[in-house]
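Step one of this worksheet: look at the structure below.
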Amino acid sequence: MYIEAHKQILRVSHPKMNMMRVLQEHNRTFFNWFRESIFVDDSASRTLRLLAVGPNLNLPTWKGYDINNYSFYTKYRMIKVVCRMLDLVASIILRGIGLEYRRSNNNQFNNVL
């Protein structure tokens with residue numbers, strides 16, 4: 001009902017648009033049109049009002065999880081772990097040749113004699 005009504009409004013307001021262009025414009029503008037239409041309609045159901053609000057993007061997230069004694073991590077967490085291991089290896093190598101290894105606040109590496 002709402003989809004066809006929106007397409008019809010687009011066809012009437014842009015009579016020279018071909019069907020493909022109408023569909024593109026519909027896909028681009030439908031959500032905002034739907035939201036405005038629902039909020040001005042006092043007879044709209046609670047379900048339609050919730051749809052018009054859109055999804056809740058505040059979701060719980062985890063950096064990893066365990067399944068059957070196997071651990072899985074996000075890409076971000078794995079990169080962080082690899083960087084820590086590389087820092088450790090670099091500090092061991094530099095100490096072995098007599099240099100001190102420090103990491104600055106802006107993630108640049110400083111070697112101090």
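Values quoted throughout were computed directly from the atomic coordinates according to the rules given, and no laboratory measurement underlies them. As the structure is a prediction and not an experimental result, all values here were calculated from the model. Neighbour counts run over all protein chains shown; Cβ positions are idealised from the backbone, glycine included.
For first residues located in segment 71-86 and over 16 Å from T61 (Cβ atoms), partners that are surrounded by 11 or more Cβ atoms within 10 Å (Cβ to Cβ) and lie 6+ apart or on another chain with Cβ distances below 9 Å form the pairs V81/Y73. Cβ separations smaller than 6 Å between residues 6+ apart or across chains give no pair from segment 2-16 residues that are farther than 14 Å from F30 by Cβ to residues that are among the acidic types (D, E). Out of L57, L50, one residue alone is aliphatic (A, V, I, L, M) and in a loop (DSSP other than H, G, I, E, B). It is L57.
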